[in-house]
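The values are calculated or read from the model by the stated rules, or taken from the named source; none is laboratory data. Just so it is clear, the structure is predicted and the values come from calculations on it, not from any experiment. We place every Cβ from the backbone using ideal geometry, glycine too, and count neighbours over all the protein chains shown. All accessible areas refer to the heavy atoms of the entire protein, side chains included, with ligands and DNA or RNA removed. Shrake-Rupley method; radii C 1.70, N 1.55, O 1.52, S 1.80 Å.
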Amino acid sequence: MRVAATVICFFFFATVQAQVENTATPVDNPVAKKYGQTITAEKLSKQLHIIAGPGMEGRETTTAGQERAAAYIVDQFAAAGLKPGANGQWQQYYPLYSDSLVNSSITVRNQTFLYGQDFLSDLRAGENQDINISQIIYADQGIVTGEYNDYHNLDVKGQVVMIREMVKRGAYRDKGNLDERIAAAKARGALAVLVISPSAGRYRSLNQQRIRMTGLYSQKDTTAHPNVYFITPTLAAAIIGIDSNDRLPEEIDKGLKIPSLIKTPVRIVFDKAATIFHPSNVLAYLEGTDKKEELVFVTAHYDHLGKQGDEIFYGADDDGSGTCAVLEIAAAFARAKQAGHGPRRSMVFMTVSGEEKGLLGSQYYTEHPIYPLQQTVTDLNIDMIGRIDPAHEKDTNYLYIIGDNKLSSALRPINERANDTYTRLKLDYKYNDPDDPEGFYYRSDHYMFARHGIPIIFYFNGTHADYHAPTDTVDKINYDLLAKRAQLVFYTAWEIANREHRLVVDRHER
Ligand SMILES: [Zn+2]
């Protein structure tokens, strides 16, 4: 489970096929039950003590711990008799990037100003540059409207432009959007934009290590921008050549005139190094029979938060519990197939990484699918099913069900029937409410499938005091409950994989 983020909900829908749904599940299918019962608390506990043990070091995406976890999952899938699910390979590798600052400085005449002290710039968006220039062009607020233009009579092509961050009161204040003003400088061919920022003096108090490194990101921005430097008023005053201090913006507001051509030699250096990583999603495949072209996915994320210093974030519940559940569900299906009870539809058991970094592994998979998304019937995603949240401390036999009715009217009846027949958990739909402020529907990997119009269920126990803390450890897991919840996913998957009709996609709920 990832931390909350603002996500815009958008869907792509495949053609809706109207079908007569046969929702009648054979009650108490003895074959399904035989294999469902092989998913036990003991097996899950054994798996989880390894997956969420100290040897995996918190499984942070791009670390050695994540790679060790992937290798372990591969071994478990192989031992269970499954086949590699990524075009003959077990792992689908995908690129992630991180940039770190090598050096950045602004030298005015002989005085050097430093990144993180006197100015900041967007590390990810910035491009390496070393500019030696004899003048700076001051464009005041950098505003361009139909009738008003701060660039009137100014040619900034190939030049460095300096503007003010704050827009003065009165006319054109509504044109103060900084992104638009920077875009105006870009459109005129500026090499770099210096933004005089009254709050830039606070940069000194920031974590200097953190502002020299970007987080992991998945998309290289290939559009060229001028680098933007947010500079202190003191640095701006040095460029202007006046003896001022942090009051410069106010003085300009009060009428201090700055010439548009400032004849000051300035050198701007921005030098960053890009690192590329190749974490993976691990995929196991179990071929179906007469409907093998259709795929049923069962997923969980195997990555977690790694270490801070020597402290390990074990992620036993998040999402060691789901990872182990996928391993044991896969093994149960493989066992059934070996005894002649293989599923009619093919099954893909996928554990993804990059989830805690923003659903990056599942995003990559759904944008580079190994199996056609049009043939992907469902994704049953498991993220945190080993614990009890504060709301259920008295009645612990529960599970939150999220997203099950958003895209298909057929899914909830199947899941409920499986639960009524085999597991008898109290299914709690509280977080399925689209107006619930937690927005859990958008916060785990199933959402990447849902936004491609694939019906999903998200199985979840809710958050707790150990959520995203080093104390999310194996000793706090309720293994009997974990087994029962994993069995529910198994029975639901069994029905979806074996029923005559493919799940209908007939709803577009948010
Ligand atoms: Zn998480």
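Can you work out which of the residues in the range 417-453 that are crowded, with 16+ Cβ neighbours inside 10 Å and among the charged types (D, E, K, R) is farthest from the chain's Cα centre (by Cα)? In this case the residue turns out to be R417.
Taking the range 300-356 and the strands (runs of 3 or more DSSP E) fully enclosed by it, the elements with 3 or more residues that are of a type in the set (A, V, I, L, M, F, W, C), away from the ligand (no atom under 12 Å from the Cβ) and more than 22 Å from H49 (Cβ to Cβ) are at 345-352. D253 falls short on exactly one of the conditions (1) modelled with pLDDT under 90; (2) surrounded by 14 or more Cβ atoms within 10 Å (Cβ to Cβ), and that condition is (2).
The test for being in a strand (DSSP E or B), away from the ligand (no atom under 16 Å from the Cβ), β-branched (V, I, T) and in contact with a Leu (Cβ under 6 Å, 6 or more places away or on another chain) does not hold for V282.
Screening G142, G146, G126 for residues that are in the same structural domain as A237 (by TED's automatic domain parsing) and at positive phi leaves exactly one candidate, G142.
Against the definition (touching a strand residue (DSSP E or B) at 6+ places or on another chain (Cβ under 6 Å) and either surrounded by 24 or more Cβ atoms within 10 Å (Cβ to Cβ) or closer than 20 Å to E60 by Cα (or both)), how does I370 come out, yes or no? In short, no.
The condition of being of a type outside the set (F, W, Y), open to solvent by less than 50 Å² (accessible area, probe 1.4 Å) and modelled with pLDDT of 95 or more holds for only one of K263, K272, that being K272.
Of the residues making up the range 399-408, not a single one is open to solvent by 20 Å² or more (accessible area, probe 1.4 Å) and within 16 Å of the ligand (Cβ to nearest atom).
In this entry, A86 passes the filter for residues that are of a type outside the set (S, T, Y) and out of contact with any helix residue (DSSP H, G or I) (no Cβ under 7 Å at 6 or more places or on another chain).
In the range 69-108, how many residues are under 30 Å from G342 (Cα atoms) and more than 18 Å from the chain's Cα centre (by Cα)? Write out each step before concluding.
Quick first cut of the range 69-108, residues under 30 Å from G342 (Cα atoms) only: 69-93.
Keeping just the survivors that are more than 18 Å from the chain's Cα centre (by Cα) gives 69-91.
Result for the range 69-108: 23.
Here D389 passes the criteria (1) within 16 Å of the ligand (Cβ to nearest atom); (2) among the acidic types (D, E); (3) touching a helix residue (DSSP H, G or I) at 6+ places or on another chain (Cβ under 9 Å) except the one numbered (3). Restricted to the range 459-474, and to residues there that are hydrophobic (A, V, I, L, M, F, W, C) and in contact with a helix residue (DSSP H, G or I) (Cβ under 7 Å, 6 or more places away or on another chain), the residue that is surrounded by the fewest Cβ atoms within 10 Å (Cβ to Cβ) is V474.
Sort out which residues of the range 130-157 are crowded, with 20+ Cβ neighbours inside 10 Å and out of contact with any strand residue (DSSP E or B) (no Cβ under 8 Å at 6 or more places or on another chain), and write them in order of number. Within the range 130-157, V144 is the sole residue that qualifies. Of everything in the range 329-371, what is free of Cβ contacts under 8 Å to residues at least 12 places away in the same chain and farther than 20 Å from A78 by Cα? Give them in sequence order. Answer for the range 329-371, where residues must be free of Cβ contacts under 8 Å to residues at least 12 places away in the same chain and farther than 20 Å from A78 by Cα: E367, P369.
Regarding E127, is this residue open to solvent by 50 Å² or more (accessible area, probe 1.4 Å) and modelled with pLDDT under 95?
Criteria met by E127.
Just name the residue that is farthest from R412 (Cα to Cα) out of those in the range 373-386 that are crowded, with 24+ Cβ neighbours inside 10 Å and either within 16 Å of the ligand (Cβ to nearest atom) or hydrophobic (A, V, I, L, M, F, W, C) (or both).
Of the residues in the range 373-386, the ones crowded, with 24+ Cβ neighbours inside 10 Å are 378-386.
Cutting the leftovers down to either within 16 Å of the ligand (Cβ to nearest atom) or hydrophobic (A, V, I, L, M, F, W, C) (or both) gives us 380-386.
Numbers: L380: 12, N381: 14, I382: 16, D383: 18, M384: 20, I385: 19, G386: 22 Å.
The qualifying residue farthest from R412 (Cα to Cα) is G386.
Of the residues that make up the range 387-397, is at least one open to solvent by less than 20 Å² (accessible area, probe 1.4 Å), touching a residue at least 40 places away in the same chain (Cβ under 8 Å) and touching a Leu at 6+ places or on another chain (Cβ under 7 Å)? Checked against the condition, which is being open to solvent by less than 20 Å² (accessible area, probe 1.4 Å), touching a residue at least 40 places away in the same chain (Cβ under 8 Å) and touching a Leu at 6+ places or on another chain (Cβ under 7 Å), the range 387-397 yields no hits at all. Taken over the range 281-316, the criterion of being among the acidic types (D, E) and open to solvent by 10 Å² or more (accessible area, probe 1.4 Å) is satisfied by E287, D290, E293, E294, D310, E311.
Let's see how each residue does on (1) farther than 22 Å from V266 by Cβ; (2) open to solvent by 40 Å² or more (accessible area, probe 1.4 Å); (3) modelled with pLDDT of 95 or more:
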position: N177; (1), (2), (3): yes, yes, no
position: R181; (1), (2), (3): no, no, no
position: A190; (1), (2), (3): no, no, yes
position: A200; (1), (2), (3): no, no, no
position: S205; (1), (2), (3): yes, yes, no
position: Q209; (1), (2), (3): yes, yes, no
position: T222; (1), (2), (3): yes, yes, no
position: H225; (1), (2), (3): no, yes, no
position: I231; (1), (2), (3): no, no, yes
